Structures are given as C-alpha cells and as structure tokens.
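The values are calculated or read from the model by the stated rules, or taken from the named source; none is laboratory data. Remember, it's a predicted structure, so these values are computed and weren't measured experimentally. Heads up, the Cβs are rebuilt from the backbone with ideal geometry, glycines too, and the neighbour counts pull from every protein chain shown. Keep in mind that these areas ignore ligands, DNA and RNA; they rest on the heavy atoms of the full protein, side chains included. Shrake-Rupley method; radii C 1.70, N 1.55, O 1.52, S 1.80 Å.
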Amino acid sequence: MRVVIAGAGSVGRSIARELLRNGHHVLLVDRDADGERVQKVPDASWLQADACEIEALGEAGLAQCDVVVAATGDDKVNLVLSLLAKTEFGVPRTVARVNNPKNEWMFDEAWGVDVAVSTPRLMTALVEEAVSVGDLVRIFEFQQGKAMMVEMTLPVGSPYAGSRVGDVPFPGNTVLTGIIREGHPIAPTRDDALEPLDELLFVTTPDVEPELESLLSPGQRHKRDTEDPDDDL
C-alpha cells in the first residue's frame, strides 16, 4: 500500500514508522523536511513542500496513492488537504487528525474526510473507560458517527448479569464484538454468560446508545456530547 502523510511532527513520524514496519510504502510531506527530520525516519520517502498546494500534491503522486493521512497540527491544513485529495486526485481513503475537538463536526465527507481521529477524544474515552462502571463509553467512531465502538463495564446490579449472550435483547444495529474478563479477551458466542464487571465491547449506532445503556445498566445517568459545535478554526 502506498501512503502519503502530510505533517512530519511526532504524530506523522510515528505513523510512518508503524506503516513502514508493516511493509507499506510511505512518503512524508512537510515544509520543514530538513536533514535532521529526514534522519528520524530514513526509510521513508520525503518531500519538502506545502501540503495545501496542488502542484506539491501532484509531485507527491497523490493520484497513485491508496491513502492520504493529514496529520499536521493545524486543523485548517488537514481539512484542505483531505478535500484536495478527494476532489482533485481521487484518493480512495483519507484519514485526518483532529487537533481541536470543537472542530470535529467539520471533519466529514463534505470536506473529503473518510476517517477523523481526535486524540483528545480518544484520551477522554480511555480515561472514562478506566474509571466508569455501568456507563457506556465511546471508544471510536467509524464513518463520521454512522457507527461507533463503545464499551461498558457491566455493573454488579445489571439485570443481565449471569444471562446468556443469546438471551439479551440487544437493540438493532448493535453487535457484541468482545468481552474482556480478568484481563483476557473472549470472542462471545450465544452460549457465553455475561458476568458482573465484564468489559463489553460493542459496535453500534448513536441512535441506540441510550437504549443499550438503559438495557444493561438501568438507572445510570446518560452522559453524552454536549459541546457547542462552533467553528474554532
């Protein structure tokens, strides 16, 4: 797979190293691609250029790449790059870094973004996942919120603690994908029982989140995103 990454800061370089380790071809695009930075990821190809200029993106060969990763520290740059990648070069898949969570609402198909990754959002989810029992915690969103991975630690008082997976009337568009019990992952079957303090991983949709939380943990307070979607770009 050929991947172009815009932004050679710590995030972009880390992504590049992982992709190279997995056998992919990586080109890093950065205005400050000096010798010192290049030496930090010597196995990647490098282009010193502005990732918002069409001529530079053409030189980077975006028309022949499989994925573009907009990993700069500037949300404006990441949005413009994603849009150009889709509209001008027909890149099959774009992944964009969200630096300010208040800008998440803009990172969608209208701006050419296939997958938006918000580091602050992920860190918040990990903190909540570590301390919450009985609350549904969003871990990751797929395709701009059309589907998402959520987690719940099943409370001791859940009405379905001790029930077979196949006997739990999960809402539509909800799939139990994994159970973590005492640190060990389990691929759930219909005959597996849910035990108190199991960590349950689901793929579901936003519209059924409240129903899923009420089913497994009735009486818990539903905490959902109430951020003002003002444009802070």
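Odds and ends about this structure:
- Pairs where the first residue, in segment 44-69, is free of Cβ contacts under 8 Å to residues at least 40 places away in the same chain and the second is of a type in the set (K, R), C-beta under 6 Å, 6+ apart: D50/R31
- Failed condition for V127, given (1) open to solvent by 60 Å² or more (accessible area, probe 1.4 Å); (2) within 20 Å of V11 (Cβ to Cβ); (3) aliphatic (A, V, I, L, M); (4) at pLDDT 90 or above: (4)
- Residues of segment 130-146 satisfying the condition of being under 30 Å from T94 (Cα atoms) and either in contact with a Leu (Cβ under 8 Å, 6 or more places away or on another chain) or modelled with pLDDT of 85 or more (or both): L136, I139, F140
- When the residues of segment 1-48 are filtered to those that are farther than 23 Å from L84 by Cα and of a type in the set (S, T, Y), the one that is modelled with the highest pLDDT is S14.
- Of the set (1) in a helix (DSSP H, G or I); (2) in contact with a Gly (Cβ under 8 Å, 6 or more places away or on another chain), all apply to N103 but (2).
- Only one of K40, K76, K86, K102 that is of a type in the set (D, E, K, R) and under 21 Å from F140 (Cα atoms): K102
- Positions within segment 164-175 being open to solvent by 30 Å² or more (accessible area, probe 1.4 Å) and either in a loop (DSSP other than H, G, I, E, B) or under 12 Å from V133 (Cβ atoms) (or both), in sequence order: P169, F170, G172, N173
Quick grid of which residues meet (1) open to solvent by 20 Å² or more (accessible area, probe 1.4 Å); (2) among the β-branched types (V, I, T); (3) over 24 Å from the mean Cα position of the chain (by Cα):
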{"site": "E55", "(1), (2), (3)": "yes, no, yes"}
{"site": "G61", "(1), (2), (3)": "no, no, yes"}
{"site": "Q64", "(1), (2), (3)": "yes, no, yes"}
{"site": "D74", "(1), (2), (3)": "yes, no, no"}
{"site": "V77", "(1), (2), (3)": "yes, yes, no"}
{"site": "T87", "(1), (2), (3)": "yes, yes, no"}
{"site": "V91", "(1), (2), (3)": "no, yes, no"}
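Residues are listed down the side, and each one gets a yes or a no for (1) without any contact (Cβ under 8 Å) to a residue 24 or more places away in the chain; (2) closer than 13 Å to S217 by Cβ:
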| residue | (1), (2) |
| --- | --- |
| M148 | no, no |
| S158 | no, yes |
| A161 | no, yes |
| R164 | no, no |
| D167 | yes, no |
| P171 | no, no |
| G178 | yes, no |
| P185 | yes, no |
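Residue-wise test of (1) open to solvent by less than 50 Å² (accessible area, probe 1.4 Å); (2) in contact with a Lys or Arg (Cβ under 7 Å, 6 or more places away or on another chain).
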{"residue": "T177", "(1), (2)": "no, no"}
{"residue": "H184", "(1), (2)": "no, no"}
{"residue": "P188", "(1), (2)": "yes, no"}
{"residue": "E195", "(1), (2)": "no, yes"}
{"residue": "T204", "(1), (2)": "yes, no"}
{"residue": "L212", "(1), (2)": "yes, no"}
